[in-house]
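Only one structure is covered here, and it is reproduced in the block below.
What follows draws every value from the coordinates through simple rules; no lab data is involved. No experiment lies behind these values; they were computed from the predicted model shown. Cβ placement follows ideal geometry from the backbone for every residue including glycine, while neighbour counts extend to all protein chains displayed.
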């Protein structure tokens, strides 16, 4: 679970002093989504990145450090990266962590089950926060990757953190069917007549299972939104407006600032 310390708004006045807000800038109310990078796939499919979301209220004049996790790299078997929002200020501390996917395991510790392996190469990847990979029907069919999660406030209909599909085994010529990648950018597992798929970038999908060249996981993403017209002076990431809200989308590391 993410560690989130909500920043409080406290004003202290001594004796009979009166505190007047006047035209002080308003606080900002943020909804956020944080998705870790998906794991690379080998004979075991990559797990989807963790998916964490929530809401927070901040006072003006602060900066959030945003880290977007990379997807795992199959060619070097380099692990995926976590995605993080972090700040420490006189107002308090705010920290959100979405873990990276691993081999078969998702980036969310509540859903680390990689699915049951039937045969040597059938294990699918777990989804980022919704479900584990499914058990394959036989030892020649790879299990489907676990589904990821949607964000209730998304401007689109995306699902994030899908696990990779399991590899179909190849004990006989022209046999073996790869498992379907989980919803949320999971790559398909390798079949006898098709290569395995990589996880989708900016969705945190896990790479599909393969007995050939290892697959890559998809990179993570961080999104924030607030009510359009409620504040001025917020910057960072790529901005867009949808449904009366301003969205700040980070597909690479950066900073979100509110300096009115």
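Please give the FRET efficiency for residue 86 paired with residue 23, using the beta carbon to beta carbon distance and R0 = 25 Å, rounded to the nearest 0.05.
Values: r = 31 Å, r/R0 = 1.22.
The calculated FRET efficiency here is 0.25.
State whether the range 184-246 is rounded, prolate or oblate according to the following rule on the C-alpha gyration tensor (a ≥ b ≥ c being the square roots of its eigenvalues): a/c under 1.5 gives rounded; otherwise a/b larger than b/c gives prolate, and the remaining case gives oblate.
Numbers: a/c = 6.01, a/b = 3.75, b/c = 1.60.
Here the range 184-246 falls in the prolate category.
Assuming 0.36 nm per residue, please report the length gained on full extension of the stretch residue 61 to residue 93 beyond their Cα-Cα distance. Intermediate results must be reported in sequence, preceding the final value.
Details: separation 32, 0.36 × 32 = 11.52 nm, distance 1.40 nm.
Gain in length upon complete extension: 10.1 nm.
Peptides 175-184, 35-44, 235-244, 145-154: what's the order by average Cβ count within 10 Å, highest mean first? Intermediate values should be presented prior to the final figure.
Values: 175-184: 28.3, 35-44: 34.3, 235-244: 13.0, 145-154: 24.8.
Top to bottom by mean Cβ count within 10 Å: 35-44, 175-184, 145-154, 235-244.
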